[in-house]
Amino acid sequence: MVQLTSMVDYEVEDGVAVLTLDNPPVNALSQGVRQGLKEGVARALADDTARAIVIHCKGGTFIAGADITEFSSGLVEPGLHEVLDAMDNSAKPIVAAIHGTALGGGLETALSCHFRVAVASARLGLPEVNLGLLPGAGGTQRLPRVVGVEKALQMMTSGVPIGAAEALDTGLVDRIVEGDLREGAIAFAHEKIDQGGKLTRIRDRDDKLQEARDHPELFDRFRQSIARKTRGFLAPEYNIRCIEAAVTQPFDEGMKTESKLFMELMSGPQAAAQQYFFFAERQAGKVPDVPRDTAEIPIAKVGVIGSGTMGGGIAMNMVNVGIPVTIVEVKQEALERGLGVIRKNYENTARKGRISDADVTGRMDLITGSLDLTDLADCDLIIEAVFEDMAVKKDIFTRLDAIAKPGAILASNTSALDINEIAGVTGRPESVIGLHFFSPANVMKLLEVVRGDKTSKEVIKTCMSFAKRIRKVAVLVGVCHGFVGNRMLFVRQFQAEQLALEGAPPHRIDKVLYDFGFPMGAFQMSDLAGLDIGWNAKTSKGANVRERLCEMDRRGQKTGAGFYDYDENRTPSPAPIVQELYAEFAAKAGITQREISDEEILERCILPMINEGARILEEGIAIRASDIDVVYVYGYGWPVYRGGPMHYANSLGLDKVVEKLRAYQRSSGSDFWQPCKYLVDLAGKGGRFG
Ligand code: 3HC
């Protein structure tokens, strides 16, 4: 065996040169891998004892892509194109032996081999779109030549990898290897040597492009089909244009188009934001004062208190991954309603073909309904999801303290209340934590994990790992009103309300936020959540527009009207009554309504969030600025191509942010706009968040 670089070994076994890559954790195409591949192929071509080449990886996976950490530091020779060209032009057959994931540049490497074999559990894909990019090493030209245009469009614009079985069906892999992959790949290479004949490079194939040449309209049809999902993103469209180039241009021209578009994306703000976010998401799981080897509490059974929208959604997360759940309600009727909603959700998913009927039954079988809190005695984790009332929560936690087994984690799904106060009613505050799910809880990826003053490290570690198990992204935050997400939302909602009073119609405010990239604006969000959260008909004094709307039974989408009017299909239209109410309240408050620009609307909604985020960092409520961004992208639909509020602030320039906050402070005369000290100091030093 010869070590070519610190990451690649060369060994001839049974007449086949095996290049073994070893670059943990994911065998990314770092410089040492590229150099080793280049040297390895050259060596094998010159080596009379080698008649074919196998590329195989150590560790848990084949190559998972280019080394993203190198994107910002600039590329060191050899470039990936040079390496892949050498492979493509090899006179000896090259076989990629794939296990784990072959992603991005990894799949492009495999596509530059003459053959691909894989284990049954392998997954193959081009996820560059998730990094704001397109495959820049020939993937856009080679993939459609192998799997066809429609499949390539799907894979590249969604970034979702396909499994080995589908890869075999589409021709992306040539064989699924049972047993040892390395041996299987060597045996496959021998078969190809024995068969002889000319080696076909993927670049020379174009039979699978013909259909798109005959029906070029399929591209626009596809564009329309993904328009809603990809609104605001540049990369999906750029990926499509590259596939169009594969269809309309010769291979080498197509490669030039790919390189040009790749560079355009790479130098733009979206790719920077999305790559930043890739690492932000992974950072969020790391808690400096909770070491990796902290013991975890095994979670085999979960209890959920409350079967409303939140409780039901939370329970679904558990059963989706096979964890049994007991749901406790106060009344039989409410319990039945809650369980009915869960079943209906699953039946709808089955109708769309995403799960089987057996899955519906299997998941429902994992749920036990109960009216008795003592049925939670054997649960390892109990999540309270009743309405936001401190007295009710304290009562539940007092009772849980007497019921739950020692060591069980007692969690509250509160979205704003003080976890320390809740923990204080128990004799085991170290076991109490906040697990703030976002609605709909079975869909939204974020889990805000709220650590109380006394929450133990084991409990924190367990909850952070558990989040992964139920396929959530966890962000650890500290106790304050509204934690990170809602605390920052409050200031945005407050400004949206002020803007409406000053004369900006709610639907215009919403449109500005929607155009910025949010899935919906502030008023649409209120209508969806319900205007009556925290409202009480008996004590209502009609003190503001929201209360007046509730009194008129305009309580949001559920009552067919709120800040908007809704037709029978829930299509919203601006409601004249709402603007009249704002005019009435403005007059009462002595505010003269005026024309307000989109720019002002956006700044007044976003800048206070940045300022509040800075305060959150100042107070140590969030560990790092990027955690705040993860909260916003996964919990509130902040467009990932803008990175999150703190990344966005960096891209604006913190000095500019401070300047604008001060300008609004001057013009409004309100301390609401006072930039916080942390932000001012950071901006003064020319610094950035993170
Ligand atoms: N480059 C550098 N580091 C990478 C990396 C990459 N391509 N992919 C993963 N890592 C790092 C992660 O940052 C993480 O580091 P950490 O432990 O210090 O936080 C570590 O590898 C493990 O990653 P995950 O925590 O994500 O591990 P999982 O097992 O959950 O997932 C994975 C593994 C599916 C490979 C996932 O990491 C992933 O999706 N990686 C990115 C794949 C990708 O986007 N590839 C395309 C890259 S762009 C490209 O190839 C351009 C080309 O066209 C020219």
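Using a 1.4 Å probe and ignoring any ligands, DNA or RNA, find the accessible area of residue 454 and quote it in Å² to the nearest 10.
140
Using a cut-off of 10 Å between beta-carbons, work out the net charge of the residues near residue 300 (Lys and Arg +1, Asp and Glu -1, residue 300 not included). Working shown, then result.
Working: positive: 301; negative: 378, 380.
Around residue 300, the surrounding residues sum to -1.
Quick one: dipole size for the chain, taken about the Cα centre, charges +1 on Lys/Arg Cβ and -1 on Asp/Glu Cβ, in debye to the nearest 20. Mind dumping the intermediate values first?
Details: 79 positive and 92 negative charges, 165 e Å.
In debye, rounded to 20, the chain gives about 800.
What accessible area per residue, rounded to a whole number of Å², is obtained for the range 302-481 using a probe radius of 1.4 Å?
With all protein chains present, the range 302-481 gives 41 Å² per residue.
Compute the relative contact order of the chain as a whole-number percentage, counting only Cα pairs closer than 8 Å that sit 6 or more residues apart in sequence.
That works out to 9 percent.
What order, most packed first, do the peptides 268-280, 340-352, 392-404, 307-319 have when packing is the mean number of other Cβ atoms within 10 Å of each residue? It would help to have the intermediate numbers written out before the result.
Values: 268-280: 20.4, 340-352: 15.0, 392-404: 17.8, 307-319: 23.7.
The densest-packed peptide leads the list: 307-319, 268-280, 392-404, 340-352.
What ranking of 72, 651 comes out by heavy-atom accessible area, probe 1.4 Å, highest first?
Descending accessible area places them as 72, 651.
Output ³J(HN,Hα) for the range 478-490: one whole-Hz value per residue in order, computed from phi by the Karplus curve 6.51 cos²θ - 1.76 cosθ + 1.60 with θ = phi - 60°, and x for Gly and Pro.
Listing the rounded values in order: x, 7, 6, 5, x, 6, 7, x, 5, 4, 6, 5, 3 Hz.
Based on the Cβ-Cβ distance from residue 264 to residue 399, what FRET efficiency comes out when R0 is 56 Å, to the nearest 0.05?
Taking R0 as 56 Å, the efficiency between residue 264 and residue 399 is 0.40.
Read phi for every residue in the range 319-331 and hand back ³J(HN,Hα) as whole Hz from Karplus 6.51 cos²θ - 1.76 cosθ + 1.60, θ = phi - 60°, with x for Gly and Pro.
Running phi through 6.51 cos²θ - 1.76 cosθ + 1.60 with θ = phi - 60° gives 5, 4, 10, x, 9, x, 10, 10, 9, 10, 10, 8, 10 Hz.
Report the FRET efficiency, 1/(1 + (r/R0)^6), for residue 594 and residue 551, where r is their Cβ-Cβ distance and R0 is 30 Å, rounded to 0.05.
After rounding to 0.05, the efficiency reads 0.60.
How much accessible surface does residue 174 have with a 1.4 Å probe, in Å² rounded to 10?
Estimated to the nearest 10 Å², residue 174 gives 70 Å².
Where the Cα atoms of the range 502-576 are projected onto their three principal axes, how long is each span, largest first, in whole Å?
Sorted largest first, the three principal extents are 39, 31, 22 Å.
Using Cα-Cα distances under 8 Å and only pairs 6 or more residues apart, what relative contact order does the range 502-576 have, in percent?
Relative contact order here is 23 percent.
Over the chain, what is the percentage of antiparallel beta bridges among all DSSP beta bridges, to the nearest 5?
Roughly 35 percent of the DSSP beta bridges within the chain come out antiparallel.
Using a 1.4 angstrom probe on the protein heavy atoms only, line up 668, 112 by accessible area, largest first.
Numbers: 668 65, 112 0 Å².
Largest accessible area first, the residues go 668, 112.
Could you work out how much longer the chain between residue 309 and residue 160 gets when fully extended? Use 0.36 nm per residue separation minus the Cα distance between them, nm to one decimal.
Answer, rounded to one decimal: 50.7 nm.
Heavy atoms only, probe 1.4 Å: what % of the accessible area of the chain goes to carbon and sulfur, would you let me know?
52
Using a 1.4 angstrom probe on the protein heavy atoms only, line up 659, 244 by accessible area, largest first.
Working: 659 115, 244 55 Å².
The ranking, largest first, comes out as 659, 244.
What accessible area per residue comes out for the range 115-259, rounded to a whole number of Å², with a 1.4 Å probe?
I get 45 Å² per residue for the range 115-259.
Using modelled backbone amide H atoms (1.01 Å from N, in-plane), which distant-in-sequence or interchain residues come within less than 5 Å of residue 381's amide H?
Placed amide hydrogens put 301, 303, 409 under 5 Å from residue 381.
How about residue 472: which aspartates and glutamates have a C-alpha closer than 12 Å to its C-alpha, ignoring those fewer than 8 places off in the same chain?
Qualifying aspartates and glutamates at Cα under 12 Å: 281, 448.
Any idea of the accessible area per residue across the range 502-576, 1.4 Å probe, to the nearest Å²?
Values: 3750 Å² over 75 residues.
About 50 Å² of surface per residue is accessible.
Note down the net charge around residue 51, summing +1 for each Lys or Arg and -1 for each Asp or Glu among other residues with Cβ under 15 Å from its Cβ.
Computed value for this residue: -4.
Spin-label point model (7 Å from Cα, Cβ direction): what's the residue 283 to residue 89 distance in nm?
Output for this residue pair reads 4.2 nm.
Find out how many positive minus negative residues lie around residue 433, taking Lys and Arg as positive, Asp and Glu as negative, among other residues whose Cβ is under 12 Å from that of residue 433.
0
Order 290-300, 186-196 from most to least packed using the mean count of other Cβ atoms within 10 Å.
Per-residue Cβ counts within 10 Å, averaged per peptide and sorted highest first, yield 186-196, 290-300.
Put a dot 7 Å past each Cα toward the Cβ at residue 42 and residue 533; how far apart are the dots in nm?
6.2
Filter the trypsin sites (Lys or Arg not before Pro) in the range 579-648 down to the DSSP loop ones having no more than 10 other Cβ atoms within 10 Å, then list what survives.
Counting only loop positions with at most 10 other Cβ atoms within 10 Å, the trypsin sites (Lys or Arg not before Pro) in the range 579-648 are 594.
Roughly how much of residue 218 is accessible, in Å² to the nearest 10, using a 1.4 Å probe?
Near enough 10 Å² of accessible area.
Taking the Cβ-Cβ separation of residue 333 and residue 468 as r and a Förster radius of 56 Å, what is the calculated FRET efficiency to the nearest 0.05?
Step by step, r from the Cβ atoms, then E = 0.95.
Taking the dipole about the Cα centre of the range 126-264, with the C-beta of Lys and Arg at +1 and of Asp and Glu at -1, give me whichever of 188, 138, 238 is farthest to the positive side.
In the range 126-264, that residue is 238.
Pop a pseudo-label 7 angstrom from the Cα along the beta-carbon direction at both residue 194 and residue 365 and give the gap in nm to one decimal.
4.6
Which value, in debye to the nearest 20, describes the size of the charge dipole of the range 302-481 about its Cα centre when Lys and Arg Cβ atoms bear +1, Asp and Glu Cβ atoms bear -1, and nothing else is charged?
It works out to roughly 760 debye.
Using alpha-carbon pairs under 8 Å, 6+ residues apart, how would you state the relative contact order of the range 414-515 in percent?
Reported as a whole number, the value is 25 percent.
The values are calculated or read from the model by the stated rules, or taken from the named source; none is laboratory data. Computed from a prediction, not measured in an experiment: that's the story for all the values here. Virtual Cβ from ideal backbone geometry, glycine too; neighbours counted across all protein chains shown. SASA here: full protein model, heavy atoms, side chains in, ligands and nucleic acids out. Shrake-Rupley method; radii C 1.70, N 1.55, O 1.52, S 1.80 Å.
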